[in-house]
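Beneath this line is the structure, given in structure tokens, with notes to follow.
The values are calculated or read from the model by the stated rules, or taken from the named source; none is laboratory data. All values reported here derive from a predicted model rather than from experimental measurement. Here the Cβ positions follow ideal geometry from the backbone for every residue, glycine too, while neighbour counts run over all protein chains shown.
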Amino acid sequence: MDPKTLEDAGLQYDVAGPIATITLNRPQVRNAQTPTMWHALAAIGAEIPDDVRVVVVRGAGAAFSAGLDRSMLDPAGTGPDSVASLMTRSDEEVSSAIDGFQRGFTWLRDPSFVSIAAVHGYAIGAGFQLALSCDLRVVAEDAQFCMKESALGLVPDLTGTKPLVESVGYARALEICATARMVGAAEAVDIGLALAAVPVDDLEATVADLAGALIAPMAGAVRETTALLQGAADRSLDEQRRLEREAQLRRFRELVALMGG
């Protein structure tokens, strides 16, 4: 994507070999999100190089993301990103628009790479859901998660409900969403939302170490394993066994080819 489009969307995007880094770059509003940002995220996902094996998502400034840009909810709003403007459309058009927003999140679950959310400060609403869209979450000790939508009379609609239930179970997910309470870093680790909580100054190095460990094995092995694990909970044992056999066959064939067999 061209730099001007990224700047207008409040994003930075860098690729260094097998690692891509996406930075939410609206620190003056704690990286509040807009549809423009979501469409730009989807565009990044559509063009990410095939040799990228890890995608890191982070926030500039004091927070990962404070969630939805509140200007969108202004009842007098007239801009294309305002909810008031959205509500002048038909139900089908609104549903299609939200589908477009969601695509800024769903691509992070592509098993061809592993996505990591590096979370510090607030991860509220859309920020929480963006972190949930990533395969892994590493958090700073000051991280605060909150699914704020219910307090605004809304529901989480940016694809966060499924990974939240998968991470913490139905009952805890319901409690977190319905009460809109804060979940701190230590609790996030305890309930399975995050891999680890580290001092703020150590977050970047910790994520870099994790990314390095993820790119050390052969790319095909990690990709096949990711695909197997992502859908395992929704499959029968027999189906999962079949997919394991098929994946292993592909791995054996690639290894034999590399050895010149």
Consider residue 194 carefully, then state whether it is assigned by TED's automatic domain parsing to the domain that holds residue 111, touching a residue at least 12 places away in the same chain (Cβ under 8 Å), among the hydrophobic types (A, V, I, L, M, F, W, C) and outside any strand (DSSP E or B). yes
Unique match (being of a type outside the set (Lys, Arg) and at pLDDT below 95) among 11, 68, 6: 68
How about the stretch 74-170: which helices (runs of 4 or more DSSP H) wholly inside it have at least 2 residues that are buried (at least 19 other Cβ atoms within 10 Å of the Cβ)? 91-106, 126-133, 161-168
Selection from the stretch 1-45 of residues under 25 Å from residue 86 (Cα atoms) and of a type in the set (A, V, I, L, M) yields 6, 9, 11, 24, 29, 32, 37, 40, 41, 42, 43, 44
Say we look at the stretch 54-71 and pick out the residues that are out of contact with any strand residue (DSSP E or B) (no Cβ under 7 Å at 6 or more places or on another chain) and assigned to a loop (DSSP other than H, G, I, E, B); which of these is surrounded by the fewest Cβ atoms within 10 Å (Cβ to Cβ)? 62
Screening 233, 205 for residues that are surrounded by fewer than 15 Cβ atoms within 10 Å (Cβ to Cβ), in the same structural domain as residue 130 (by TED's automatic domain parsing) and among the small types (Gly, Ala, Ser) leaves only 205
Tell me which residues, restricted to the stretch 142-184, are closer than 20 Å to residue 30 by Cβ, under 17 Å from the mean Cα position of the chain (by Cα) and among the aliphatic types (A, V, I, L, M). 143, 147, 158
